[in-house]
Amino acid sequence: MSTAATTLAQAEAATPAPPRRLFANRRDPSDVEDDSRKTNWWATALIAVCSLTVLIPLYLAVVVALKTPEQLASGTGFELPNPIRWANFADAWERTAFPQALLNTAIITVGAVVFTLLTSSVVAYALARNNHRPFFKGVFFYFLAALFIPFPIIMLPLVKQTSLLGLDNQVGMIILYTIFGLSLNIFIYSAYIRSIPIELEEAARIDGASTWRVFRSVIFPLLMPMNATVGILTCVWAWNDFIMPLVVLTDPGARTLPLAQFVFQGQYNTDYTTAFASYLMAMAPLLVVYIFSQRWVISGVTRGSIK
């Protein structure tokens, strides 16, 4: 018995100890439980139902744009087109003077986005860093009060002023979008600027940087997430807006895509098939812009989360 016990003890001593885990709280893959039972099916169902509110209108727009007027009148609108009528897009191209309308819309949208990012960020920075002063606090609430003013109230005075100043053109539209977007954009920028540590600016000032240099080299690069947000909101607003170009622009050659698409609305009927084809054509540039710019938007958000 003593010999057997001695042999067993020697074998146990010779057996290598299991490797120690570098992280005590790391679980072995075999110990991982099945997480499928943790799926929130109620939330998943809600998301699926909400997605139908986007997918169904998009499907309806595509199938209507590919139908003939007779096919649209003989069914509910959800049937697949048979045969497909691609001529609707050619008709929409000609009737809306699509290249000129697209160029006008692009000029106004790009100009509005650029000037909005430059002006709103500067004003928001000045207000956020001086919010402890009564004057700047009053100016901040003055801009916020503009959020509660409906556009139809100031529409007629706006038309009169733009006509007197000669701003009933693309330049005037860019200025108006920049001004009318100040209220919401300042609110968005200010909340984010207050979260940026003031020590970053103090370090730059110690190195001799002026206020403009601090904003240009320190603050503005950190505003990339908000720049992406404000840029997207302004782009969608300026691209799809109908009422402001309708009351401001006086030159028929300067009309934007929403105004050009109004040609399909008649007094007694509406050419839905050609109209929906023009809607898809007007939506395509925004989709292309999003596809090529999404990586910059995501990188800006990521950069802002680790600032």
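Among ALA61, ALA126, which is farther than 30 Å from SER217 by Cβ and part of a helix (DSSP H, G or I)? After ruling out the rest, the residue left standing is ALA61. Restricting attention to the stretch 146-170, the residues that are assigned to a helix (DSSP H, G or I) and touching a residue at least 12 places away in the same chain (Cβ under 8 Å) add up to 9. Close contacts from the stretch 81-104, counting a first residue that is free of Cβ contacts under 8 Å to residues at least 12 places away in the same chain and in the same structural domain as PHE262 (by TED's automatic domain parsing) and a second that is assigned to a helix (DSSP H, G or I) and surrounded by 16 or more Cβ atoms within 10 Å (Cβ to Cβ), with Cβ to Cβ under 7 Å and a gap of 6+ residues or different chains, come to none at all.
Among all positions in the stretch 234-249, there is no residue which is more than 25 Å from the chain's Cα centre (by Cα), without any contact (Cβ under 8 Å) to a residue 12 or more places away in the chain and part of a loop (DSSP other than H, G, I, E, B). Listed conditions (1) within 22 Å of LEU257 (Cα to Cα); (2) in contact (Cβ under 8 Å) with a residue 12 or more places away in the chain are all met by SER190, apart from (1). Can you spot a residue in the stretch 158-176 that is over 20 Å from PHE242 (Cα atoms) and hydroxyl-bearing (Ser, Thr, Tyr)? No; the residues of the stretch 158-176 include none that is over 20 Å from PHE242 (Cα atoms) and hydroxyl-bearing (Ser, Thr, Tyr). Does LEU164 qualify as being under 24 Å from PHE262 (Cα atoms) and more than 22 Å from the chain's Cα centre (by Cα)? No: the conditions fail for LEU164.
Candidates are the residues of the stretch 126-140 that are under 13 Å from PHE187 (Cα atoms) and in contact (Cβ under 8 Å) with a residue 24 or more places away in the chain; the one that is surrounded by the fewest Cβ atoms within 10 Å (Cβ to Cβ) is ASN131.
For the structure I just gave you, tell me whether THR119 is polar (S, T, N, Q) and farther than 19 Å from TYR192 by Cα. In short, no.
Restricting THR53, THR44, THR119 to residues that are of a type in the set (Ser, Thr, Tyr), at pLDDT 90 or above, in a helix (DSSP H, G or I) and more than 19 Å from GLN261 (Cα to Cα) narrows the list to THR119. If you go through the stretch 250-273 and pick out every residue that is in a helix (DSSP H, G or I), buried (at least 16 other Cβ atoms within 10 Å of the Cβ) and not hydroxyl-bearing (Ser, Thr, Tyr), you end up with 8. Out of the residues in the stretch 68-107 that are of a type in the set (S, T, N, Q) and assigned to a helix (DSSP H, G or I), state the one that is modelled with the lowest pLDDT. Restricting to residues being of a type in the set (S, T, N, Q) and assigned to a helix (DSSP H, G or I), the top hit is GLN71.
The values are calculated or read from the model by the stated rules, or taken from the named source; none is laboratory data. Computed from a prediction, not measured in an experiment: that's the story for all the values here. With ideal geometry, Cβ positions are generated from the backbone for all residues, glycine too; neighbour counts draw on all protein chains shown.
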